[in-house]
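Below: one structure, written as structure tokens.
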Amino acid sequence: MIAVKRAVFLAVMFFVWSMPAGRAESPRRIEIIAKRFTYDPDVITLKRGEPVVLVLHSIDVTHGLKVAELNINSEDIKKGKDSELQFTPQEPGQYVGQCAHFCGKGHGSMKLQINVLP
């Protein structure tokens with residue numbers, strides 16, 4: 001009888017511990033500096049389903065960021081002002097974003113790689 005009670009108790013405790021806490025997960029914040037003609041960092045790694053806020057800050061001229069596959073499109077990363085882009089990646093993969101605001105001669109080489117893990 002004691003073994004049955006112990007098994008029921010453990011089953012109930014496992015069930016309670018596996019239930020969601022009922023509070024929303026705070027998005028992970030990642031600071032990214034945009035400058036001619038790079039992002040710093042220029043590679044970030046995320047987890048599928050993890051809410052993220054990219055906090056972008058330009059130190060020289062207006063930049064942008066576009067990653068079509070992740071539905072990210074901002075042309076307003078202005079010097080001295082933070083721009084926040086919130087999203088939750090749904091599919092694992094390797095995505096390449098590009099500056100979405102012409103910022104000079106090296107504009108085409110300004111890329112940000114986003115790796116999304118399962």
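The values are calculated or read from the model by the stated rules, or taken from the named source; none is laboratory data. Remember, predicted model here, so these are calculated numbers, not experimental data. Note: ideal-geometry Cβ built from the backbone for every residue, glycine included; neighbour counts use all protein chains shown. With ligands, DNA and RNA removed, areas are computed over all heavy atoms of the protein, side chains included. Shrake-Rupley method; radii C 1.70, N 1.55, O 1.52, S 1.80 Å.
List of remarks:
- Cβ-Cβ contacts under 9 Å between residues 6 or more apart (or on different chains), taken from a first residue in region 25-43 that is under 13 Å from Gln113 (Cα atoms) to a second residue that is small (Gly, Ala, Ser), are listed as Thr38/Gly106; Thr38/Ser109; Tyr39/Gly97; Asp40/Ala34.
- Checking each residue in region 86-101 for being in a loop (DSSP other than H, G, I, E, B) and either within 20 Å of Tyr39 (Cα to Cα) or open to solvent by less than 30 Å² (accessible area, probe 1.4 Å) (or both) picks out Pro89, Cys99, Ala100, His101.
- Whenever a residue of region 67-78 is more than 22 Å from Asn115 (Cα to Cα), its partners that are of a type in the set (Val, Ile, Thr), lying with C-beta atoms within less than 6 angstrom and at least six residues away or across chains, give the pairs Lys78/Thr62.
- Residue tally, condition in contact with a strand residue (DSSP E or B) (Cβ under 6 Å, 6 or more places away or on another chain) and of a type in the set (S, T, N, Q), over region 68-97: 5
- The condition of being modelled with pLDDT of 90 or more and among the charged types (D, E, K, R) does not hold for Arg6.
- Candidate set: region 89-118, residues that are in contact (Cβ under 8 Å) with a residue 40 or more places away in the chain and among the polar types (S, T, N, Q); chosen: the one nearest to Ser26 (Cα to Cα): Gln90
- Filtering Ser74, Ser26, Ser58 for residues that are at pLDDT below 95 and open to solvent by less than 60 Å² (accessible area, probe 1.4 Å) leaves a single hit, Ser74.
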